[in-house]
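Participant: Please read through the structure below; I'll follow up with questions.
The values are calculated or read from the model by the stated rules, or taken from the named source; none is laboratory data. Quick caveat: nothing in here was measured; it's all calculated off a predicted structure. Every residue, glycine among them, receives a Cβ derived from its backbone with ideal geometry; neighbour counts consider all protein chains shown. Surface areas here come from the heavy atoms of the whole protein model, side chains and all, with no ligands, DNA or RNA. Shrake-Rupley method; radii C 1.70, N 1.55, O 1.52, S 1.80 Å.
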Amino acid sequence: MNSGAFARYRQLLLAAALAALTLPAHAARHDVYTTADLLALPTLAAGDTVVVHDGTYTDVGSLTLGGAGTASAPITIYAANPGAAVFAGSTHIVLSGSWVTFAGFRFDGQTAAGGMPGTEKWGIVQTASRSSDCRVTNCMFRDFNAGAVSGNTYYWFVVQGYRHTLDHNSFEGKTTAGASVVFATPEADRNTPRAHVFAHNYFGPRTVIGSNGYEGIRVGDSAHQGWNMASVFEFNYFYRAIYAAGEPELVSNKSAYNTYRDNTFVENRAQLALRHGDNCVVEGNFFFGANLANSGGVRIIGQNHVVRNNYFQDLAGTGITAALVVQKGDPNWPATDDASTYEVANNARIFHNTFLNCAQPFFLGRNSSGTGALDPVGVEVRNNIVQSTTGAGVVFNLGYDSAAIAFSGDYVYHPDGNYGVTGLPGVTYGPPSPDLVADASLGYAIPSSTSPVLGLATETTPATTLDVRALPRPASGKDAGCYEREVTGIGSGPLTRSDVGPEFYGGPAGSFTPPGAQVAAPLFNPPAGSYTGTQSVTIATTTTGAAIRYTLDGSAPTASTGTLYAGPVSVATSATLKAIATKSGLADSTVSTAAYTITPTGGTTITSAAGFVSSALTSAPSGTFTVEFDALSSVSPANAVIGLSSGAATGYTSLACMVRFNTTGRIDARNGGSFVASAIPFAANTVYHFRLVVDVPTHTYAAYVTAPGGSEQTIGTNLAFRTEQAAVTQLSHVAWNVNATPGGALTYWPVTLTSVSAAKFSIAASAVSASANDGNVPANTVDGSLATRWSAQGDGQWIQYDLGAVRTPAWIRLAFLNGDTRTSSFDVQLSSNGSSWTTVYTGSSSGTTTALETYNFPNAAARYVRVIGHGNSVNTWNSITETEVWGY
C-alpha cells in the first residue's frame with residue numbers, strides 16, 4: 001500500500017545521483033565558513049549548492065534554508081567534510097521549499113547557554129509545512145541540548161510536508177522529554193498521503209527516561225490519527241534506544257497506512273506500538289530482547305492492521321510489553337477518530353510470526369486503562385510458531401472469548417505445558433518442539449529439516465507471498481512461522497550497526513555523493529616502468545564502490561568498453577595499460593595510463609642434446625585451465641616445441657597440446673594429427689609470450705602468442721589434442737624440446753597455471769571397492785543410475801574409490817537410498833597410498849531428497865576417496881545409490 005513512498009525514495013536517490021554528475025549552468029555555489037556566512041544565505045535556486053566548511057557553528061537560532069529545487073536540479077546543503085561541520089548552542093534549522101538535500105552535519109554534545117529556547121521544541125531540524133521531496137542524510141544527532149528543559153518538551157527532528165526522505169542518520173543520547181523524531185500532519189486534509197521514507201537510520205542508547213513521552217519515533221498524533229501518513233519505515237537499527245523503565249513505546253504509530261518493515265530492534269525495553277490509526281503493516285522485522293525487563297515486540301490498537309513475518313526472540317516483556325499484544329477498545333470511541341484513549345483492534349491479522357524464548361508471546365484482549373471494555377472482532381491468528389523455554393510465562397494470555405479469534409496453522413510448544421489456554425481449534429500443541437535451530441549465517445533461528453512446522457501453514461487474506469527474507473513462498477505447502485525453509489537464499493535479515501547511520505559515524509559507504517563529484521583516477525601498482533619478467537599489476541581507486549575497466553591494446557577504456565577489472569592484470573610483454581573508474585552518481589574518472597617495458601632475464605636454455613625436458617605443473621588439472629609462459633628461439637627458422645603432457649614427456653607423442661617455433665620461421669600449434677597453418681613469424685633471440693587455454697574433458701585447446709610491444713595473436717582455436725593423447729584425463733607436466741635440425745637453442749621461463757576449473761573424475765567400475773555388500777555391489781554407485789545401489793549393514797562399513805593417480809579432490813556428491821525420508825551419517829576420508837587416511841568431512845545427508853547432494857571439504861592431494869557409513873536415522877544400513885568425486 002506504500003509502494004509509492006518507496007518509489008519516491010528511489011527517485012530521490014536517482015535524482016541526487018544525476019545532479020551530482022553535472023551542475024546546471026546557472027547554479028550558484030555558496031561557501032560557508034562562519035555562522036555569519038550561514039545566516040547571510042539568500043533564498044536558494046534550483047541546482048544551488050551550499051558547502052559548509054569545517055568548524056563549529058554556534059547559536060544560529062531559528063534559520064530557514066531552502067528554495068524551489070527540482071528533481072533534476074535539487075538544492076544541496078552539505079558539509080565539505082562529513083561530520084566536521086558541527087552545530088552548537090541554540091539551533092533550529094527549517095528546510096523549506098522542495099527538493100532540498102541536507103547532508104553530513106553533526107549535532108553533537110552541545111547545550112545552549114541559559115537552556116534550550118522554545119523554538120527548538122519543534123526540532124533542531126525541521127521540514128517546513130507544505131515542503132516536499134527533501135532529503136536529510138548522513139547527519140548525527142547525539143547528546144544535543146541534553147540538559148533539563150524547564151516546562152518544555154522538545155524534539156530533535158520534526159517532519160512536515162510531503163515525500164521527504166530521512167536516511168543514514170543517527171540519533172542517540174537524548175535525555176529530555178519528547179520523541180527524538182516526530183512526523184506531523186498539520187497541513188492539507190486527512191486523505192492526502194504524506195508518503196515519507198525513513199530508512200537506514202541508527203537509534204542508539206537512550207538511558208534517561210522519565211515517563212510517557214520519551215518515544216524514539218512518533219508518527220502522527222492523537223488529534224490526527226485517522227490521517228493518511230502512508231509512510232515507510234524500513235532497514236533501521238534500534239539498539240537500546242529505550243533502555244530504562246517508564247516509556248513503553250519506542251515507535252509510536254498515531255496515523256494511518258504506514259509500513260514498518262525490515263527493521264532490527266536489539267535490547268530495547270519498549271515496543272513498536274500501533275497506538276492510534278488504522279491500516280498499518282508491520283512485517284519482516286527482527287526483535288532481539290536479550291531477556292531484558294520490558295523488552296517487547298508489537299502492540300496493536302486500531303483497526304485493520306497486519307502483523308506478519310516478524311521474528312521475536314528473548315523478549316522478557318509481559319502485559320503491555322508482551323511480544324504481541326492485541327488491545328481492547330473504548331466502547332465510546334468517537335467517529336472522528338481523534339480521541340486519546342484506545343480504539344478497539346478489530347480485524348487484526350497476525351500471520352507467520354516466530355516467537356522464540358519469549359516470556360509472554362501472546363496477550364490477546366488486554367484491557368486498556370479502565371476504558372477498554374470493548375472486545376475486538378475479526379482477529380485472525382494464523383501460521384505462527386511459539387517455542388518457549390522452561391519457566392517462561394503462558395503462551396496465550398486471552399482477555400476475551402477465544403471463540404471470537406480465528407486460529408489456524410499455528411504451532412506452539414512450552415516444555416512446562418504452560419499454554420494458558422489449550423484446545424484452541426487451529427492450534428497444534430507440542431511436543432515435539434518446532435525445533436528452531438540457530439543459523440549463524442542468517443543470524444537467527446530457523447526450523448530444522450525435520451521440524452513439524454514445515455508445510456503446516458494455511459492460506460491467509462491478504463495472501464502471505466513472501467517470508468521474513470522477502471523471498472517468495474511457494475504457492476502451496478507453506479511453512480508456519482516467518483521463515484520458509486524450502487526457499488533458498490539469504491535475502492533480507494537482521495541488520496548490524498555497520499548497515500546504518502552516517503558514513504562518518506560507522507555507517508555504510510556511498511550513501512551520499514556531493515554534487516559535481518568525480519571518481520578518483522585509477523592507480524597502478526607496480527607503476528609504469530621497465531621490468532624483467534611478467535608483472536602482476538593491481539589497479540585501484542580511492543573511491544569506494546567504483547568499478548574499473550582497463551585495456552592493454554593502447555585504446556582508451558570507457559564506462560562500457562574495456563575489460564572489467566576483477567583482479568591483478570598480468571603484463572607479460574611490453575604493453576600500455578589504460579584504466580578508467582566509474583560509479584553511479586559520480587562523473588567518470590580520467591583515464592590513467594602506464595607503459596610497461598618487459599625485458600625477461602634468466603630463463604633456462606636447452607639444445608637438442610638435452611632431449612625432452614619436463615617439469616611438473618603446480619597441479620594436475622582435469623577440467624579447463626590456462627597456462628602462460630615466455631620462450632625464445634636462438635635461430636629462425638627452428639624446430640623447437642613447448643607442450644603439455646600427462647606425466648613426464650619422453651617424445652612428441654607424449655604431448656597432448658603444443659606450440660612450435662617451426663622450420664619456416666613461423667609459430668604454429670598441433671591440431672590432432674598435424675600442425676595448423678600459420679602466418680605468424682618469429683625472430684631469433686626474441687622473447688614471445690604464449691597463452692594456452694585448455695579443455696581436458698573435450699580434449700581441445702586454443703593457442704595465442706604475443707610479440708614484444710604487440711597485441712595478442714591467435715595461433716588457433718578449437719585445436720584437438722594430439723591423436724595419441726585423445727583420451728587423456730589430466731595434464732600434469734610441461735615439456736620443452738629442440739630438434740637437432742636445424743638446431744639452435746630454446747630458452748624458456750617458468751609456466752604460470754591459472755583459471756583452473758574443477759571437473760568430475762572418471763571412475764571405472766573396477767576402481768570401486770567396499771568393506772562388504774549385501775549383493776548390491778559397490779560398482780553400482782558409478783553406473784549413472786539412481787535405481788541401483790551399494791548397501792552394507794553396520795556402523796563403520798565403507799566404500800572406496802580409486803582415482804587412478806594422485807589428484808586434488810575438492811568435494812564429493814552422494815545420493816542415498818530413501819534420501820528424502822531419512823538422513824544418513826557418514827565420514828569422508830582421503831589417502832595418497834591407500835593405507836594412511838585423513839578424515840576431511842563428517843556429517844549427514846539432508847533427508848529431503850534422493851538426488852545427489854554436494855559435500856565440500858578442503859582441497860588435498862589424494863588418490864583414494866573413502867566414505868565410511870554410520871547408518872541412517874531409521875536403521876544401521878548404509879545405502880548409496882550414486883557417487884561423484886570432483887576436483888582439480
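Participant: Identify the residue in region 749-763 that is out of contact with any Ser or Thr (no Cβ under 6 Å at 6 or more places or on another chain) and open to solvent by 20 Å² or more (accessible area, probe 1.4 Å) and, among all such residues, is nearest to D802 (Cα to Cα). Full working, then the answer.
Facilitator: Filtering region 749-763 down to residues out of contact with any Ser or Thr (no Cβ under 6 Å at 6 or more places or on another chain) leaves 749-752, 756, 758, 760-761, 763.
When the remaining residues are screened for being open to solvent by 20 Å² or more (accessible area, probe 1.4 Å), the result is 749-752, 756, 758, 760, 763.
On the way: W749: 35, P750: 32, V751: 29, T752: 29, V756: 22, A758: 18, K760: 13, I763: 7 Å.
Restricting to residues being out of contact with any Ser or Thr (no Cβ under 6 Å at 6 or more places or on another chain) and open to solvent by 20 Å² or more (accessible area, probe 1.4 Å), the top hit is I763.
Participant: State whether one or more residues within region 850-864 are assigned to a strand (DSSP E or B), of a type in the set (F, W, Y), out of contact with any helix residue (DSSP H, G or I) (no Cβ under 8 Å at 6 or more places or on another chain) and open to solvent by 70 Å² or more (accessible area, probe 1.4 Å). Steps first, please.
Facilitator: Of all residues in region 850-864, those assigned to a strand (DSSP E or B) come to 853-856, 862-864.
Now restrict to residues that are of a type in the set (F, W, Y): 855, 864.
Adding the requirement that they be out of contact with any helix residue (DSSP H, G or I) (no Cβ under 8 Å at 6 or more places or on another chain) leaves 855, 864.
Of the ones still in play, those that are also open to solvent by 70 Å² or more (accessible area, probe 1.4 Å) are none.
Within region 850-864, not a single residue is assigned to a strand (DSSP E or B), of a type in the set (F, W, Y), out of contact with any helix residue (DSSP H, G or I) (no Cβ under 8 Å at 6 or more places or on another chain) and open to solvent by 70 Å² or more (accessible area, probe 1.4 Å).
Participant: In region 465-488, what residues are open to solvent by 40 Å² or more (accessible area, probe 1.4 Å) and either of a type outside the set (S, T, Y) or over 18 Å from the mean Cα position of the chain (by Cα) (or both)?
Facilitator: Going residue by residue through region 465-488, those that are open to solvent by 40 Å² or more (accessible area, probe 1.4 Å) are 465-466, 470, 472, 475-477, 485-486, 488.
Within region 465-488, T465, L466, A470, P472, A475, S476, G477, R485, E486 meet the criteria.
Participant: Could you pull out the residue among S766, S785, S835, S824 that is surrounded by 21 or more Cβ atoms within 10 Å (Cβ to Cβ) and either within 41 Å of the chain's Cα centre (by Cα) or closer than 30 Å to G647 by Cβ (or both)?
Facilitator: Details: S766 fails: surrounded by 21 or more Cβ atoms within 10 Å (Cβ to Cβ); S785 fails: surrounded by 21 or more Cβ atoms within 10 Å (Cβ to Cβ); S835 fails: surrounded by 21 or more Cβ atoms within 10 Å (Cβ to Cβ).
Of the residues listed, the single one that is surrounded by 21 or more Cβ atoms within 10 Å (Cβ to Cβ) and either within 41 Å of the chain's Cα centre (by Cα) or closer than 30 Å to G647 by Cβ (or both) is S824.
Participant: Condition test on G246, is it touching a His at 6+ places or on another chain (Cβ under 7 Å) and either surrounded by 22 or more Cβ atoms within 10 Å (Cβ to Cβ) or in a loop (DSSP other than H, G, I, E, B) (or both)? Give the steps one after another, and end with the answer.
Facilitator: Values: touching a His at 6+ places or on another chain (Cβ under 7 Å): no; either surrounded by 22 or more Cβ atoms within 10 Å (Cβ to Cβ) or in a loop (DSSP other than H, G, I, E, B) (or both): yes.
When the stated conditions are applied, G246 does not pass them.
Participant: Next up: Show the residue pairs that are 6+ apart or on different chains and have beta-carbon atoms under 6 Å apart, the first residue being within region 792-812 and in the same structural domain as A767 (by the TED database) and at pLDDT 95 or above, the second being open to solvent by 10 Å² or more (accessible area, probe 1.4 Å) and among the aliphatic types (A, V, I, L, M).
Facilitator: Listed by first residue and then by second, the contacts come to A792/A772; Q797/A772; W798/I868; I799/A770; Y801/I763; Y801/V768; D802/A767.
Participant: Determine which member of the set T626, T607 is surrounded by fewer than 20 Cβ atoms within 10 Å (Cβ to Cβ), over 27 Å from A860 (Cα atoms), of a type in the set (S, T, Y) and touching a residue at least 24 places away in the same chain (Cβ under 8 Å).
Facilitator: Working: T626 fails: over 27 Å from A860 (Cα atoms).
None of the others qualify; the one that does is T607.
Participant: Hey, another quick one. Would you point out which residue out of S619, S615, S633 is surrounded by 23 or more Cβ atoms within 10 Å (Cβ to Cβ), at negative phi and of a type outside the set (A, V, I, L, M)?
Facilitator: On the way: S619 fails: surrounded by 23 or more Cβ atoms within 10 Å (Cβ to Cβ); S615 fails: surrounded by 23 or more Cβ atoms within 10 Å (Cβ to Cβ).
Of the residues listed, the single one that is surrounded by 23 or more Cβ atoms within 10 Å (Cβ to Cβ), at negative phi and of a type outside the set (A, V, I, L, M) is S633.
Participant: Please pick out the residue among A740, A677 that is free of Cβ contacts under 8 Å to residues at least 24 places away in the same chain, assigned to a loop (DSSP other than H, G, I, E, B) and open to solvent by 20 Å² or more (accessible area, probe 1.4 Å). Let's see the steps before the verdict.
Facilitator: On the way: A740 fails: free of Cβ contacts under 8 Å to residues at least 24 places away in the same chain.
That would be A677, the only listed residue that is free of Cβ contacts under 8 Å to residues at least 24 places away in the same chain, assigned to a loop (DSSP other than H, G, I, E, B) and open to solvent by 20 Å² or more (accessible area, probe 1.4 Å).
Participant: Within region 208-257, track down each residue that is under 30 Å from R469 (Cα atoms) and of a type in the set (V, I, T).
Facilitator: The answer is I217, V219, V232, I242, V251.
Participant: Still on this structure: Being of a type in the set (D, E) and under 43 Å from the mean Cα position of the chain (by Cα) is the filter; apply it to region 679-736 and report the residue that is modelled with the highest pLDDT. Before you say what the answer is, go through the steps one by one.
Facilitator: Taking region 679-736 as the starting set, the residues that turn out to be of a type in the set (D, E) are 695, 712, 724.
Going one step further and asking which of them are under 43 Å from the mean Cα position of the chain (by Cα), we end up with 695, 712.
Details: D695: 92, E712: 87.
Once the filter is applied, the top-ranked residue is D695.
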